[in-house]
């Protein structure tokens, strides 16, 4: 089952706000519906957002014959969320074909989709080889947020490495951090790990560095929403704290993401716009209030992990050992 | 209003599991009731636990004329939770008077209570002076868990410093981390900060280090459940991650706790038993599930912050500048 796909003239996604309780497919026939789904994280994850961006432009090309309205719709797709580079990049790739007509746009969008599918398997192989090289035959890995099939089209990024290690019999277990505020770890990663049959425990986000200090984690492995030219990694908030914990514990900190997430046009993490998703996500917890009425909150959805804390970046094409001085460009 | 007190022959506490929705006083007339209240965190916070331990022994002295049952009851109080040194220490102080009769036991327990009350004001003054010295006249502070009046009898530890700075007009604002799994920050600290009129924002726990890296926090200030001879600080899980963030950002990391929390008999943090409170706290909140059925979780309630990450420890009697080589003993 694909997280996102083009089916009979519309975009279909698995609604990630309904998981794990309900596996519900949403059919998105208009740009407005797609942009709304992106904003409320019904579809999320950098690779999946790249496909959503491209398919969103394909939708726009069918919906708006008028050039001005088409341009506005493409811009709405491109900017639905600001942080992951994949969304704008996927939209741009499809939009570059607009002059050739809507079928050319759709063909390019489907190429974006198919490339992400192919990339997942390549990342899984390269990442699993690296984990075994660094951690031996039975590592315990900590992962953050959701980087599995639900974050891509199939397979995933960091979680595809976990799955590959499990298939090889080369994984002892996983700690999945719950990933507040929206609990992508507790809801989505737990759901995927159970389907994969991988032994795992959930932990609150703030426990990760301590579990590393106690010697209960052999490496951290997670995804990225944007990787800058200098190797800075922009990813789900909490990534940076885990990187600090890994550095202090002396264990590898591994980032797995497709080449479509590498943004050498952005020099460093400080240049990336960090989405603040507002206080409501912090003040509610799965439908329950967490704090008294009227309380304010700061809610950066992402953070920046400086490149010196990153051991290696694994893409579908290469392993960049930042710890050994490898450069991205 | 006192968080915990002795009223007409029984222990009365504000039920912290009911806040902020309900301000409910629980009357605990038996050792079993008190131990249960401690275990489910209806009363919590290192200073309050010290008083609970002492008053628990006073309850036991009234309830059990039989020596063997009395000894068992005292032991149940002393070991109701393992990590905060205050609980056992308060119980031990009261128990040392058992041979002199129940009135002597109660008198000692009330001294423990009164000492904690006096300590809060002293910590507030010393801590506020130090924050102003280190951070200037309008700092933005990040705090974790709840260290206010609810964690003590009145006033509190780190949050009493916040309150004192606010009274002095020497505080710009506070970031309060929500403190999963039981949300003592979102529920209790937010409630206290609003009553104090302190401007603040909530944040998920994993955002703290990034907010520091972005320059939005001038110092971290929080409490302790046990401070070891070498300066290692055992405190609510998440403390260590915030300490790593503060060190990387180059901002002060300040621990405020009464002398009753200093345990020079324990050499270092690795020697302290860390309570694991089980998976249910991670998998539930306010009746809502966070993860699919049957998922396992690891749930250390505390972590250990190595002394080299601690700028200073403020007690009711002194400021120990670990960053300048001061020693505790």
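Every number here is computed from the coordinates shown, using simple stated rules; none is lab data. Because the structure is predicted, anything quoted here is derived from the model rather than measured. Glycine also receives a Cβ, built like all others from the backbone with ideal geometry; neighbour counts cover every protein chain displayed.
Some points to look at:
- Over region A:1-108: Kirkwood hydrodynamic radius from C-alpha pairwise inverse distances, Å: 13.4 Å
- Remark: mean inter-chain Cβ contacts per residue of B:230-241 equal 4, using a 10 Å Cβ-Cβ cutoff to other protein chain atoms.
- Simple spin-label estimate for residue A:167 and residue B:92 in nanometres, 7 Å along Cα-Cβ: 5.7 nm
- Remark on region B:112-192: hydrodynamic radius 12.7 angstrom, per the Kirkwood mean of 1/r across alpha carbon pairs.
- Potential extension, residue B:271-residue B:21 segment - 0.36 nm per residue separation minus Cα distance: 86.2 nm
- For chain A, DSSP calls about 50 percent of its internal beta bridges antiparallel.
- Angle in degrees between helix B:67-78 and the longest Cα principal axis of chain B, rounded to the nearest 10: 10 degrees
- Which of A:284, A:242, B:166 has the fewest Cβ neighbours within 10 Å, and the rest in rising order: A:284, B:166, A:242
- Based on the reciprocal of the average 1/r between different C-alpha atoms, the Kirkwood radius for the protein assembly as shown equals 25.8 Å.
- When both region B:9-70 and region B:180-236 are represented by their alpha-carbon centers, they are found 26 Å apart.
- The alpha carbons of region A:122-324 stretch over 51, 39, 35 Å along the principal axes, in descending order.
- Relative contact order %, region B:122-324, counting alpha carbon pairs below 8 Å whose residues are six or more apart: 22 percent
- Span per principal axis, largest first, for the Cα atoms of region B:242-329 (Å): 50, 32, 22
- Between residue B:30 and residue B:99, the distance separating the two model label sites (each 7 Å from Cα on the Cα→Cβ line) works out to 3.1 nm.
- Residue A:264 versus residue A:1: modelled label distance in nm, points set 7 Å from Cα along the beta carbon direction: 3.9 nm
- By the count of other C-beta atoms within 10 Å, a proxy for reagent exposure, A:324, A:236 are ordered fewest to most as A:324, A:236.
- A straight chain from residue A:8 to residue A:114 at 0.36 nm per residue would run longer than the Cα-Cα distance by 36.5 nm.
- Per residue of A:280-288, other chain Cβ atoms within 10 Å of the residue Cβ number 4 on average.
- On Cα atoms only, tilt of A:158-167 relative to the major axis of chain A in degrees: 60 degrees
- Relative to the longest principal axis of the Cα atoms of chain B, helix B:85-95 runs at roughly 30 degrees.
- Nearest-0.05 FRET efficiency for residue A:107 and residue B:324, computed from C-beta distance (R0 60 Å): 0.35
- Cβ crowding within 10 Å, taken as a proxy for footprinting-reagent exposure, orders B:120, A:29 from fewest neighbours to most as A:29, B:120.
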